[in-house]
Amino acid sequence: MPTVLLGQSIIPLPNSVTKASGKLVLQNLDVLFEPGQEIKHDDGVTSHFENKFGSLNTVLSSQVKVNRIEEQVQNNAEAYELKIEPKQITMRGDKAGLFYAQQSLQQLLFNGGGKLDCQTIIDAPRFAWRGMHLDVSRHFFSVDFIKKYIDILAMHKMNTFHWHLTDDQGWRIEIKKYPKLTQIASQRKETMVGKNFNPYVGDGVPHGGFYTQEQIKEVVAYAKERFVTVVPEIEMPGHSVAALSAYPQYSCNQKPLQARTTWGVSEDVYCSKDETFTFLFNILDEVMELFPSKYIHIGGDEAPKTRWKSCQQCQGNIKKHGLKDEHELQSYFIKKIDAYLTSKGRYTIGWDEILEGGLAPNAAVMSWRGEAGGIAAAKLNHKVVMSPGSHCYFDHYQGNKKTEPLAIGGYTPLKKTYSYEPIPAALSKDAASYILGAQGNVWTEYMSTPEQVMYMALPRLSALSEVLWSGKDQRNYQNFVGRLIPHLQLLKLQRINYSTALFDVMSKPSFKNGQLAISLFSDLPAYTIRYTTDGTKPTAMSKRYSQAVKITAPTNLQAALFSNGRKMGNVLSEKYLSHLATAKKVELQFPPKKQYSTGGANTLLDGIQGTLPWSGNEWLGWRGKEHMAATVDLGSNQKLSKIKISFLQAPESWIYLPQDVSVMIKGSNGKYKSYTLNKWDNDFTLEGNINTTGRYIKIDAYPMNKIPEGMAGAGQAAWLFCSEIIVE
Ligand code: ACM
Ligand code: ZN
């Protein structure tokens, strides 16, 4: 078993814990933590939480003296001290601090089973913005669920809820001045089934919903009681198709639109004409009335310039305001909104695209396309919230995609989130002070139920809470995981769904002397891994893993984690190919882009052919001028009959087949000769017969440099993804 720090299992880890001798023992804790009690979904965890808090206070006050002392400690409204003595508990802090002391106490009580070690905890957060986002446009969630989500944030001492209220697929906030936003824009005809983009398959089920202004006030007040600030997001100029379906007069071509039923980026955006600003200012007036937050999020991401290029009014604006191009027009758009918010005493925050064409004077940047945007903004002395896809996108897969529910793509396991450092090394101390914190994003394209949202958010949210609260030097993944196991029990007791990917077995190939061997491991080294290679599911009787498994023929390797004979997580099942190039040497002239580089060049010869739905770890990705230029060295001259190259097509992620592929083989005569692969299989494998003898195979595959009109990501550079070069 990992070390479970009983009585000290708080997530996020407190800054300082000083143990004293003795214990405080409470009776009747079973009233509080009563396992097996069925809680109907509609009752919500919220009321459960509240009842439990109520009874916690009752149990405490009947048995020990609880001193709640309201005063600022450490000059920080969120700091607290929690002192546990045999007959009394003292909490000291400002209002928020006292609330956090209570969260810590609740976790201690649960994990200690009612017995508390005497101790003093002194604690304060590292970052001011400890955020979670939720997209309620792609799927709508009830007020009850939103409250539950806020409870989970508060339990983890997170203090910012970024509410993504509008997007192409639905407008979710009542605006009294524009009733069609709720009558029309809040509804879509249906939703795409799975990833059936092309050919499109819809579910035929209308989807809609919105929050009334009364409900929004209720949520904001509920959050405030839990020291959570709600930051609303109203998307512009892109991701606005739903709004334009109700008010097409604010688009460039005024053509009728419907809320979208698929995902991705639409070319239909707001027009930059004056009337649009009147519309948006009026909306923002009502938004500011409802949300007292300092920051108002105005989106700004993924706004194609196609419509603006052919719009007389937008082109007129470019001329009139001396702008260079449509990127500066986007900047003009955001600056106008920023000036308006500033005039009302608020601050703009937007996705990192708002840097393009010049950042508005007061705007804060939310860095999502990696950290570059955040770094650039901090260097310009603008406030930054970090939310890079690599660590903070909780819509990505968190485990093996074959056993995980369908997700948008990517691969962001718990450990990766936990490893996140919000202050980029590239920043000076001064520039680093502009990093407010970080945030986890939950985009709900592939999450249609509250249970699925929780599953994707947890336990990555728990990991991020520690990144944002605890000291940088205190963080230790194994220690975290030890505390997480009882923490998951606390979630379970409250009927909060979470992923168990933590209990999965993972694999890592090694390539010694041209031999492929697979190491198996998990995040929980104290548990036992058992595996099979005969196609059967592993059981408690299967072979115990002790050293890397050599692959010498096509093999189905299956493995799972066991604790006391009980299978813990999902079964890992990998099919390894074994071909002439497996585990041989491969060199890349240009490295793949960092976010799609897991496993490095060897990924191309690791015996695994990527499959759909794709997740980031099976593929290498290139984009732009640096193409895939791979040279395989088979070690000696070999008789070759066939080459197959496994590419990927996933247009919704701007991943397209290469625009050109060339293959050269250095024959036994020492000269390179060109070969043509010309057969595309259904699974995007390009293959061809070659019939020659050779040792070196040079493959150049070029990404499409500009995605054509009418295709997802039109005008952008396409991604090229490759998973395996198969040589027979
Ligand atoms: C984003 O993920 N489009 C901000
Ligand atoms: Zn226009």
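So here's what we get for this one:
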quantity: Hits in region 545-602 (condition: surrounded by fewer than 16 Cβ atoms within 10 Å (Cβ to Cβ) and under 17 Å from G535 (Cα atoms)); calculated: K550, T552, A553, P554, N556, K575, S578
quantity: Members of region 676-714 that are closer than 17 Å to L604 by Cα and among the aromatic types (F, W, Y); calculated: F684, Y696, Y702
quantity: Residue count for region 304-322, restricted to those that are outside any helix (DSSP H, G or I) and either touching a Lys or Arg at 6+ places or on another chain (Cβ under 8 Å) or away from ligand 2 (no atom under 13 Å from the Cβ) (or both); calculated: 2
quantity: In region 401-440, residue surrounded by the fewest Cβ atoms within 10 Å (Cβ to Cβ) [restricted to those that are of a type in the set (K, R) and at pLDDT 95 or above]; calculated: K429
quantity: Those residues of region 104-141 which are surrounded by fewer than 20 Cβ atoms within 10 Å (Cβ to Cβ) and free of Cβ contacts under 8 Å to residues at least 60 places away in the same chain, in sequence order; calculated: Q106
quantity: Residue count, region 225-257 (criterion: closer than 18 Å to H297 by Cβ and not hydroxyl-bearing (S, T, Y)); calculated: 13
quantity: The one condition in (1) within 15 Å of ligand 2 (Cβ to nearest atom); (2) within 25 Å of the chain's Cα centre (by Cα) that E328 fails to fulfil; calculated: (2)
quantity: Subset of region 226-248 [away from ligand 1 (no atom under 16 Å from the Cβ) and under 13 Å from L280 (Cα atoms)]; calculated: A243, L244, Y247
quantity: Residue check for S245: assigned to a helix (DSSP H, G or I) and either within 16 Å of ligand 2 (Cβ to nearest atom) or in contact (Cβ under 8 Å) with a residue 12 or more places away in the chain (or both); calculated: yes
quantity: Residues of region 578-607 classified as in contact with a Ser or Thr (Cβ under 7 Å, 6 or more places away or on another chain) and over 15 Å from M628 (Cβ atoms), total; calculated: 3
quantity: Tally of residues being over 20 Å from T444 (Cβ atoms), surrounded by fewer than 22 Cβ atoms within 10 Å (Cβ to Cβ) and touching a residue at least 60 places away in the same chain (Cβ under 8 Å) across region 362-389; calculated: 1
quantity: Residue match in region 293-303 (condition: in a helix (DSSP H, G or I), in contact with a strand residue (DSSP E or B) (Cβ under 9 Å, 6 or more places away or on another chain) and either in contact (Cβ under 8 Å) with a residue 12 or more places away in the chain or buried (at least 19 other Cβ atoms within 10 Å of the Cβ) (or both)); calculated: no
quantity: Residue within region 332-355 that is closer than 23 Å to N253 by Cβ, of a type in the set (S, T, N, Q) and part of a helix (DSSP H, G or I) present; calculated: no
quantity: Residue, nearest to the chain's Cα centre (by Cα), within region 654-667, restricted to residues that are surrounded by 20 or more Cβ atoms within 10 Å (Cβ to Cβ) and not in a loop (DSSP other than H, G, I, E, B); calculated: I655
quantity: Candidate set from region 441-467 (those that are crowded, with 18+ Cβ neighbours inside 10 Å and of a type in the set (V, I, T)); member that is farthest from ligand 1 (Cβ to nearest atom); calculated: V467
quantity: Hits in region 572-592 (condition: over 30 Å from T500 (Cα atoms), part of a loop (DSSP other than H, G, I, E, B) and in contact (Cβ under 8 Å) with a residue 60 or more places away in the chain); calculated: S578, H579, L580, A581, T582, A583, K584
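The values are calculated or read from the model by the stated rules, or taken from the named source; none is laboratory data. What you see is a predicted model, and the numbers here were worked out from it, not measured in a lab. A quick note on method: Cβ atoms are made from the backbone with ideal geometry, for glycine too, and the neighbour counts reach across all protein chains shown.
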